[in-house]
Amino acid sequence: MRFQGKVAVISGAGSGIGKACALRLAQEGCRIAALDINSDSIPELKKELSAYSRDFFCREGDISKAESVNSFVLETVKQFGRIDFLFNNAGVEFISALEETSEEDWEHVQGTNMKGTFLMSKAVLPYMKAQGGGVIVNNASDAGLRGIRLNAAYSSSKAGIIHLTRSMALDYGKYNIRCNCICPGCIKTPLCQRFNAEVGALEGKTGEEVLNEFVKANIPMQRVGMPEEVAAVLAFLCSDDARYISGAIIPVDGGLTAGM
Ligand SMILES: NC(=O)c1ccc[n+]([C@@H]2O[C@H](COP(=O)([O-])OP(=O)(O)OC[C@H]3O[C@@H](n4cnc5c(N)ncnc54)[C@H](O)[C@@H]3O)[C@@H](O)[C@H]2O)c1
């Protein structure tokens with residue numbers, strides 16, 4: 001159990017990639033502090049985590065609000081005494097051309113994806129510094145590596161997360177804090193399902209048709225990824241095997257962003 005005694009904070013752990021990551025780290029002995037804005041997701045998350053551990057707590061919270069973030073981080077430290085890993089995973093998708101993006105939509109997407117990553121990191125860093133180190137992993141997207149049509153707000157928020165990761169790696173390496181970024185491609189989660197259903201509605205197709213066509217035309221490995229395949233990369237980045245990796249931007253996308 002390589003993460004015995006370690007503590008991980010995971011945002012957006014109630015669904016998809018975040019949940020798979022919480023379960024994977026718990027399976028390897030990590031204590032989990034999980035946060036999600038959707039309170040309905042918490043009971044099921046608790047049930048699934050309890051198969052591996054009793055050392056976790058899951059709470060409703062909003063990463064876009066400093067008060068919510070700060071009280072969650074404080075509660076984590078009160079309960080577990082330290083924070084070894086932070087996975088900034090929670091995010092929202094958004095499909096629209098720039099002209100049809102309202103100021104409110106823009107603020108919701110940037111406020112969750114970009115500002116949420118900033119607020120969570122800002123709240124956790126002092127504890128990591130004081131204890132002599134830690135690992136932060138941000139969840140961006142293939143959309144952060146290149147533009148995506150009808151995706152200006154989302155893509156720009158994810159590109160911002162990539163640069164935020166690099167800046168954090170530069171500033172906090174001297175405190176033995178590593179900061180890296182995962183860029184998932186097409187991963188089978190509710191978000192991916194919603195995304196394809198919305199694109200399908202614009203194109204007069206089902207979400208499944210959109211997804212199948214996209215996979216065939218764009219993903220060299222010819223399949224979608226599974227949340228557990230992202231969780232395996234997170235576990236590696238948190239582990240000592242990755243002790244000299246910081247500032248890295250790692251696609252987990254079956255080759256999607258390798259080229260045309
Ligand atoms: N699934 C994919 O194909 C894919 C691809 C690239 C990037 N990503 C990124 O991976 C991350 C996880 O996505 P997923 O596919 O698991 O999506 P998901 O919708 O299944 O899960 C996201 C979780 O985040 C929570 N959340 C949303 N806003 C929040 C907030 N303000 N505060 C706290 N929690 C909040 C949601 O309630 C949900 O439980 C996101 O950042 C997403 O952009 C996903």
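The values are calculated or read from the model by the stated rules, or taken from the named source; none is laboratory data. All values derive from a computational prediction rather than experimental measurement. Don't worry about glycine lacking a Cβ; one is built from the backbone with ideal geometry, like all the others, and counts go over all protein chains shown. We work out accessible area using only protein heavy atoms, side chains counted, and drop any ligands, DNA or RNA first. Shrake-Rupley method; radii C 1.70, N 1.55, O 1.52, S 1.80 Å.
A few points about this structure:
- Restricting attention to region 11-41 and to residues that are among the β-branched types (V, I, T) and within 13 Å of the ligand (Cβ to nearest atom), the residue that is least open to solvent (accessible area, probe 1.4 Å) turns out to be I17.
- Test: residue in region 100-108 that is away from the ligand (no atom under 16 Å from the Cβ), in a helix (DSSP H, G or I) and open to solvent by 40 Å² or more (accessible area, probe 1.4 Å): yes
- The one condition from (1) in contact with a Phe, Trp or Tyr (Cβ under 9 Å, 6 or more places away or on another chain); (2) in contact (Cβ under 8 Å) with a residue 60 or more places away in the chain; (3) closer than 20 Å to K19 by Cα that I95 does not meet is (3).
- Candidates in region 152-203 are the residues that are of a type in the set (A, V, I, L, M, F, W, C), under 24 Å from S239 (Cα atoms) and within 15 Å of the ligand (Cβ to nearest atom); of these, the one that is surrounded by the fewest Cβ atoms within 10 Å (Cβ to Cβ) is I162.
- Residue in region 209-230 that is closer than 27 Å to V124 by Cβ, of a type outside the set (G, A, S) and open to solvent by 70 Å² or more (accessible area, probe 1.4 Å) present: yes
- Any chance K122 is away from the ligand (no atom under 16 Å from the Cβ) and either among the basic types (K, R) or part of a strand (DSSP E or B) (or both): no
- Search result, residues across region 235-260 that are within 26 Å of I95 (Cβ to Cβ) and either under 16 Å from the mean Cα position of the chain (by Cα) or open to solvent by 20 Å² or more (accessible area, probe 1.4 Å) (or both): I249, I250, P251, V252, D253, G254, G255, T257, A258, G259, M260
- Scanning region 59-98 for residues that are among the charged types (D, E, K, R) and in a loop (DSSP other than H, G, I, E, B), we see that the one that is least open to solvent (accessible area, probe 1.4 Å) is D84.
- The requirement of being touching a Ser or Thr at 6+ places or on another chain (Cβ under 6 Å), under 22 Å from C183 (Cα atoms) and of a type in the set (G, A, S) is fulfilled nowhere in region 17-24; no residue meets it.
- For region 123-151, taking the residues that are of a type in the set (K, R) and touching a residue at least 24 places away in the same chain (Cβ under 8 Å), the one that is surrounded by the most Cβ atoms within 10 Å (Cβ to Cβ) is identified as K129.
- Here region 135-151 is the region considered, the condition is being more than 15 Å from the ligand (Cβ to nearest atom) and of a type outside the set (K, R), and the residue that is farthest from P251 (Cα to Cα) is L150.
- Complete set of residues in region 109-119 that are open to solvent by 10 Å² or more (accessible area, probe 1.4 Å) and within 12 Å of the ligand (Cβ to nearest atom): Q110, G111, T112, M114, K115, L119
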